[in-house]
Structure formats: C-alpha cells, structure tokens
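So the structure is just underneath, and the comments pick up after that.
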Amino acid sequence: MKQVKTVVITGANRGIGLAMVGIYANQGSKVIALCRKSSAKLNALANANVEVVEGIDVATSEGITKMVSAIGEQKISVLINNAGILRDESLNNLNIDTINEQFQVNAVAPLKVCQSLLKNLTQGSKIALITSRMGSISDNGSGGRYGYRMSKAALNAAGMSLAKDLEPEHIAVGIYHPGYVQTDMVNHGGDISADVAAKRITQLIDELTLKASGVFRHSNGEVLPW
C-alpha cells in the first residue's frame, strides 16, 4: 500500500503556494495549507485531504506556536517555505523598516519554521525554500531592491547550512527560484504563470536527493550562481 505524503506549505492562500496545494492534492497527498488569511480559491480546495490553517504569520512567535499546535505529531514528507514579501527600496529612498520586515519574513521566518518542525521530519523528508535569483550576488545586474535582495541572499545562506546540518538525518533541502511569475507580488507582470512555476518546483522537489541538497536552482532546473 502506497504511503500518503503529508505536505506542509506556508503562504498557501494565493500564487505559487495555492498552485502547489492543488498539485499535491491531485496527487493524493495530505496537504496542510498554512496562511495568514485564506482565500476563496484556497477554501474551494479544502476537503478531507486539504486542511486550511489560518492565522499563521510565520514572522511572529504566535504564528509559529499556532503552526506547531496545528501540525501536532504528524510526520511531514515535504515542508515548503513559500511565504514571502517584496518591498522596494533604493539608495536614495532607503527604508530600514521595510528592509527589516523582509529579513524577518523572507529569511528568519523560514529558518524558524524548519527548526520548529524538526520533530516532525524523518529520514527521507524534504525541505523546499522558495527564494529568488535576486538573492544571487553575482547575478545582480541592476542594483536596488536592497531589502529583497539581502533577505533572499540570507535565505540562500540558511538553506545551505540547513542542507549541511540535516544531511546526517537524510533530510534534503532544495533552494528554488520560481522564475518571473505572474503573481500579485509583481502585479502579474511575470512571464510564466503560477501554475507553471508550481509544476516545475514540485517536480524538482520530487526529484530532490541528498546528493543535490543545498543547490540553488531555477525552476527550469538551471543551477544558479550564488
């Protein structure tokens, strides 16, 4: 009898997170969809295999506590850290508050989520971090976006450390840039849909092995530079 996977996804109410909920649910997995506030589209997916948990702000201690309580003792096959925010700062319009906000949501929160759910991970579990090529230092050709770039670079660094620390536990970590995706975050100005990005990422997660743990990849499979 095939074992049912349990997949946990943060930021599951829209965009790539929502699309991944649908993909895993269609595969027969049990999905725990975490979000600050649900959406009509996410609620439409809720059924015996899709549990929607609202009030999960992963950047707060209250949100982390509620997440841990909601998951309980369930074993997690795939943990997808998808929640993230994008703000805009320039050198001439530097906003330290929004930079700090992005660090907390984009970099610190995913690490805290992983650490808080370690007891739910077992040999063969996988962690996915949804990052951005804007976190690549060598790929930065336009400057600006200080908080987003810095926070995603920090997330990438955390992903590499997680890969090293969890290797003895046989837990692999994928670090994924979804592409330029048509989501609310970029006012739907991307060049691929959230469904396409989600399909690519879920495929990469499915193919993820310990040997490839800690590699920074584009959703199309390309290895990206740090």
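Quick note: the coordinates plus some simple rules give every number you see, no bench work behind them. Everything numeric here is computed off the predicted structure, so don't read it as measured data. All Cβ positions, glycine included, derive from the backbone under ideal geometry; neighbour counts span all protein chains shown.
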- Message: Given the criterion under 14 Å from the mean Cα position of the chain (by Cα) and part of a loop (DSSP other than H, G, I, E, B), identify the matching residue among GLY179, GLY159, GLY143, GLY174.
- Response: GLY179
- Tell me which of these SER142 doesn't satisfy, since it passes every other one: (1) surrounded by fewer than 19 Cβ atoms within 10 Å (Cβ to Cβ); (2) touching a residue at least 12 places away in the same chain (Cβ under 8 Å); (3) of a type outside the set (Asp, Glu). (2)
- Item | Matching entry among ALA107, ALA83 (being closer than 17 Å to MET134 by Cβ, among the small types (Gly, Ala, Ser) and touching a residue at least 60 places away in the same chain (Cβ under 8 Å)) | ALA83
- Note on the structure: Over the stretch 23-52, the set of residues under 17 Å from ALA128 (Cα atoms), surrounded by fewer than 24 Cβ atoms within 10 Å (Cβ to Cβ) and of a type in the set (Gly, Ala, Ser) is SER29
- Message: So ASP191 ticks every box in (1) surrounded by 14 or more Cβ atoms within 10 Å (Cβ to Cβ); (2) without any contact (Cβ under 8 Å) to a residue 60 or more places away in the chain but one. Which box is left unticked?
- Response: (1)
- All strands (runs of 3 or more DSSP E) inside the stretch 1-64 with 2 or more residues being over 21 Å from HIS177 (Cα atoms), aliphatic (A, V, I, L, M) and touching a helix residue (DSSP H, G or I) at 6+ places or on another chain (Cβ under 8 Å): 30-34, 50-53
